[in-house]
Amino acid sequence: REKRLTLPPSEITLL
Amino acid sequence: PGLLEPTSALVRVAKSATTLGIAIEGGANTRQPLPRIVTIQRGGSAHNCGQLKVGQVILEVNGVSLRGREHREAARIIAEAFKTKERDHVDFLVTEFN
């Protein structure tokens with residue numbers, strides 16, 4: 001849980 | 001190992017429009033480790049197909065696993081699958097289990 005919180009959000013790509 | 005995830009489904013998207021028409025977020029080393037569909041654009045091939053849904057997570061594209069791929073690489077794999085003239089469709093293995 002702690003690790004998940006430190007992960008950054010992702011960018012979004014339109015395909 | 002090697003088994004499909006229980007809720008996964010194979011969706012074949014015909015290249016029926018000039019764009020695929022999905023937006024994805026996620027990839028390795030982000031909060032969303034596999035790409036998730038966040039938008040389906042009306043009039044795109046994915047929308048025309050009718051079987052892809054917002055919230056589904058893409059496990060594989062044409063049999064290529066997206067596990068461990070960072071966002072840009074996953075996006076590139078999907079874009080190239082749509083662009084190649086070798087096939088008139090793109091096969092997505094998707095799951096609603098995140």
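Every number here is computed from the coordinates shown, using simple stated rules; none is lab data. Keep in mind it's a predicted model, so treat the numbers as computed, not measured. For neighbour counting, all protein chains shown are included, and Cβ atoms are generated from backbone atoms with ideal geometry for every residue, glycine included.
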Tell me which trypsin sites (Lys or Arg not before Pro) from segment B:8-51 have a DSSP coil assignment and no more than 12 other beta carbons within 10 Å of their own. B:Arg42
Total lysine pairs under 22 Å (Cα atoms) in the protein assembly as shown, excluding pairs fewer than 8 apart on one chain: 4
Treating the beta-carbon of each Lys and Arg as +1 and of each Asp and Glu as -1, no other charges, what is the dipole magnitude of the protein assembly as shown about its Cα centre, to the nearest 20 debye? 140 debye
Stokes-Einstein D for the protein assembly as shown, Kirkwood Rh over Cα pairs, 10 °C, 1.306 mPa s (µm²/s): 112 µm²/s
